[in-house]
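Following: one structure in structure tokens, then a few remarks.
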Amino acid sequence: EAIGQAMDIAQKEIGAEFSGIGAVLPDWVPTPGRARIKRATAVIDAEVARVVSQHRDGETERPDLLSRLLAARDETGAALSDQEIRDETVTLYIGGHETTSSTLVWAWYLLSRNPRVREALTEELDRVLADHEPGYDDYASLTYTQAVIKETLRLYPTIWLLTGLAKEGATLRGMPVPAGTRVWSSQWATHRDPRWYGDAKAFRPERWIDQDGEPAQEIPEYAWFPFGGGPRVCLGTRFALVEAVLVLAVLARRYHLDLTADEILPVPSLTLQPDRDVLATVHARK
Ligand code: HEM
């Protein structure tokens with residue numbers, strides 16, 4: 001619970017750094033928001049340190065990622081330092097904490113507003129899964145469910161803005177960009193651009209489904225980039241897609257969720273958050 005609360009505070013305040021006064025203030029200027037980030041980080045660090053020391057009991061057979069990080073050796077036989085273990089663990093925690101769960105919230109929201117899509121989804125789940133619970137082996141067959149998640153990530157990309165520093169010799173549409181310039185690109189803006197998507201605001205999973213071996217619509221590379229791209233592309237891409245598709249399949253196979261709010265607005269924090277608690281009436285399917 002402590003780490004969950006600290007994560008929420010850190011996410012909110014880091015989000016505010018993007019859009020609030022923090023975006024223009026130099027890093028060394030103390031602000032109340034930055035003090036809250038520091039306090040939250042201290043809680044996360046203490047908790048991670050506690051779990052790491054628990055794992056240092058010599059038992060390497062635990063089937064978890066932290067045990068693998070602790071057991072990992074490089075070509076010289078050296079292990080990761082405590083700082084490296086902490087950094088890797090916190091990065092994975094932040095990367096996996098809210099991204100997939102927010103994607104699922106937006107998926108339920110879109111499904112609740114689009115009965116036609118919901119019907120097509122349950123038709124596929126009933127047909128492909130018949131009477132078994134979905135598992136990894138079903139992933140490839142759940143093409144419509146995959147398209148629902150892909151289309152959700154297009155309309156509500158949980159990471160909606162990316163930044164990086166230009167390298168030597170970088171250009172943008174032929175224009176030179178000096179090395180070290182901070183460059184921003186927004187999934188939100190690109191994913192809703194009518195140049196790349198017909199009926200861009202509509203929730204149409206069909207646009208992702210191949211017809212006769214051809215994609216339903218020609219979409220240029222990087223017109224869809226919820227996981228970023230290049231050398232720093234999301235390390236959890238495949239994991240997140242499989243996780244989101246299977247969790248949606250497990251639940252949508254059994255339940256319809258009718259959201260109580262008519263319209264939920266996205267708030268651009270570190271991730272794209274709903275502007276209120278998302279409440280739903282749960283109906284069991286026959
Ligand atoms: C729908 C779910 C997810 C979305 C939309 C997402 C998106 C992203 C994005 C946009 C980046 C930054 C890429 C960049 O800086 O250019 C990133 C990085 C990263 N993500 Fe994810 N992510 C998701 C789920 C996950 C999960 C489940 C994990 C771990 C289990 C994860 C682990 C990471 C890590 C470790 C990085 C840093 C990679 C690096 O800097 O080398 N992500 N993710």
**Request:** Examine region 248-267 for a residue that is at positive phi, assigned by TED's automatic domain parsing to the domain that holds Ile159 and within 13 Å of the ligand (Cβ to nearest atom), and state whether such a residue exists.
**Result:** no
**Message:** within 29 Å of Ser112 (Cβ to Cβ) and among the polar types (S, T, N, Q): which single residue out of Ser185, Ser141 fits that description?
**Reply:** Ser141
**Complete:** Within region 69-127, residues under 13 Å from the mean Cα position of the chain (by Cα), of a type in the set (Gly, Ala, Ser) and open to solvent by 30 Å² or more (accessible area, probe 1.4 Å) come out as Gly95, Gly96, Ser101
**Message:** Give me the strands (runs of 3 or more DSSP E) completely within region 246-286, filtered to those with at least 2 residues that are open to solvent by less than 40 Å² (accessible area, probe 1.4 Å), ordered by residue number.
**Reply:** 255-259, 272-274
**Asked** How about region 46-56: which of its residues are open to solvent by less than 90 Å² (accessible area, probe 1.4 Å) and farther than 24 Å from Lys12 by Cα?
**Response** Val51, Val52, Ser53, His55
**Request:** Quick one: count up the residues across region 128-147 that are open to solvent by 20 Å² or more (accessible area, probe 1.4 Å), of a type in the set (A, V, I, L, M, F, W, C) and under 15 Å from Trp208 (Cβ atoms).
**Result:** 1
**Prompt:** Are there any pairs with C-beta distances below 8 angstrom linking a residue in region 46-65 that is farther than 18 Å from Leu92 by Cα to a residue that is among the hydrophobic types (A, V, I, L, M, F, W, C) and at pLDDT 85 or above, with the two at least 6 apart or on different chains, and if so which?
**Reply:** Arg56/Leu70; Thr60/Leu70; Thr60/Ala71
**Request:** Exactly one condition in (1) open to solvent by 60 Å² or more (accessible area, probe 1.4 Å); (2) assigned to a loop (DSSP other than H, G, I, E, B); (3) under 26 Å from Leu270 (Cα atoms) is not met by Val29; state its number.
**Result:** (1)
**Request:** Evaluate region 230-241: report whether one residue or more is at positive phi and either without any contact (Cβ under 8 Å) to a residue 24 or more places away in the chain or away from the ligand (no atom under 11 Å from the Cβ) (or both).
**Result:** yes
**Request:** Identify the single condition in (1) on the phi < 0 side of the Ramachandran plot; (2) at pLDDT below 95; (3) among the aliphatic types (A, V, I, L, M) that Val177 does not satisfy, given that it satisfies every other one.
**Result:** (2)
**Item:** Residues located in region 165-179, provided they are open to solvent by 50 Å² or more (accessible area, probe 1.4 Å) and within 28 Å of Leu270 (Cβ to Cβ)
**Value:** Leu165, Lys167, Leu172, Pro178, Ala179
**Asked** Can we say Phe203 is at pLDDT 95 or above, assigned to a loop (DSSP other than H, G, I, E, B) and touching a Cys at 6+ places or on another chain (Cβ under 6 Å)?
**Response** no
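The values are calculated or read from the model by the stated rules, or taken from the named source; none is laboratory data. These figures come from a predicted structure and were not determined experimentally. Quick reminder, even Gly has a Cβ in these numbers, built from the backbone with ideal geometry, and neighbours come from all protein chains shown. All accessible areas refer to the heavy atoms of the entire protein, side chains included, with ligands and DNA or RNA removed. Shrake-Rupley method; radii C 1.70, N 1.55, O 1.52, S 1.80 Å.
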